[in-house]
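The values are calculated or read from the model by the stated rules, or taken from the named source; none is laboratory data. Just so it is clear, the structure is predicted and the values come from calculations on it, not from any experiment. Here Cβ is always computed from backbone atoms with ideal geometry, including for glycine, and neighbour counts include all displayed protein chains. These area figures cover heavy atoms from the full protein model, side chains too; ligands, DNA and RNA do not enter into them. Shrake-Rupley method; radii C 1.70, N 1.55, O 1.52, S 1.80 Å.
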Amino acid sequence: MKLVRSIEELRAQLRGQNRTAFVPTMGNLHEGHLSLMRLARQYGDPVVASIFVNPLQFGPNGDYAKYPRTLEADIEKLQKENVYVLFAPTENDMYPQPQEYRVHPPHALGGMLEGEFRPGFFHGVCTAVMKLMSCVQPRVAMFGKKDYQQLMIVREMCAQFALPVDIVGAETVRDVDGLALSSRNRFLAPSERAEAPALHRTLNQVRDRVLSGASDLKSVELKAFSTLAERGWVPDYVSIRRRSDLRAPDPQELGVAPLVVMAAAKLGATRLIDNLEI
């Protein structure tokens, strides 16, 4: 595996490649990331990964400084997955001058759910992903479904800008108790880690109620919200949405339109997100 830092070196390394499969990450790799590397090999060759903790997507009170940076361990994991190139730029490599041009997703998709509780987050994500796509120029790129809204926004961004890259959504990888794998999980205290699977169980309860014919979705959402709160969580949202555009379904669409239930909640100082397709 070749480790490259600069955009110029990356482009030189990939010159002439037209089947590149790309997996962008912020590092601190776990099995969820590594499953994306394996999936990428099914879609293209060579496989290119990136590790870049993107400052543009962290708010003023965000956890940019404390985001875990584990490059040496990440390199070892990627070598075992036969990744061809790891692009690991510094902030100066990625943004050699202030990144004043930004990509703003439409408010109807980027201003709700995560966008409501993390203002500016998707502006930073889209700007960084657009720049990474320009640098790598892949044929296909992998994104996990755990970040469901991010996946949809990136896919729509690539479509509207006519980028010649297919966006593949990969299923969420979970621990044996159902907790979605995340770099944030390492911040959970032992008692919080034991409680954390309750988020996934709550989403399963929502899905079961919807599949059983519940028509008052707002009541289902509020029940799930209060269930988490009673267990000591601080929920931001539990919301049932259409998979197609993440808008609330109309009553006549129940049982017809594919749905997804999405949730975000704090457990102690750690904010977790998860979702489940219905």
Problem set entry | Accessible area of residue 35 in the full protein assembly, 1.4 Å probe (Å², nearest 10) | 30
Exercise. Under the definition of Cα pairs under 8 Å and six or more residues apart, what whole-number percent is the relative contact order of the stretch 7-154?
Worked result: 36
Exercise. Which whole-percent values make up P(r) of the stretch 9-117 when all C-alpha to C-alpha distances are grouped in 5 Å steps starting at zero?
Worked result: 2, 10, 17, 18, 19, 18, 11, 4, 0
Seminar exercise, completed: Longest the chain segment clear of chymotrypsin sites (Phe, Trp or Tyr not before Pro) sitting in DSSP loops (not H, G, I, E or B) with at most 14 other Cβ atoms within 10 Å runs 162-278
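Hey, which of these cross-link pairs are over 25 Å Cα-Cα: 66/223; 131/266; 80/131; 218/266; 2/146; 77/146?
Working: 66/223 34 Å; 131/266 31 Å; 80/131 27 Å; 218/266 21 Å; 2/146 29 Å; 77/146 21 Å.
Cα-Cα > 25 Å for 66/223; 131/266; 80/131; 2/146; rest within.
Rounded to the nearest 20 debye, what is the charge dipole size of the stretch 117-229 about its Cα centre when +1 sits on each Lys and Arg Cβ and -1 on each Asp and Glu Cβ? Walk me through the intermediate numbers first.
Numbers: 15 positive and 11 negative charges, 30 e Å.
The dipole of the stretch 117-229 has a size of about 140 debye.
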Problem set entry | Choice from 29, 179, 163 with maximal GNM fluctuation in the chain (Cα, 10 Å cutoff) | 163
Problem set entry | Cα-Cα P(r), the chain, percent of pairs per 5 Å interval | 1, 5, 12, 15, 18, 17, 13, 9, 5, 2, 1, 0
Exercise. So what is the calculated 222 nm ellipticity per residue for the chain, using -39500 (n - 2.57) for each DSSP H run with n of 4 or more, over all residues, to the nearest 500 deg cm²/dmol?
Worked result: -11000 deg cm²/dmol
Exercise. Counting pairs of alpha carbon atoms under 8 Å apart in space and at least six apart in sequence, what relative contact order in percent does the chain give?
Worked result: 18
For this session: Work out the length of the dipole vector of the stretch 1-128 about its Cα centre, built from +1 on the beta-carbon of each Lys and Arg and -1 on the beta-carbon of each Asp and Glu, and round it to the nearest 20 debye.
Result: 320
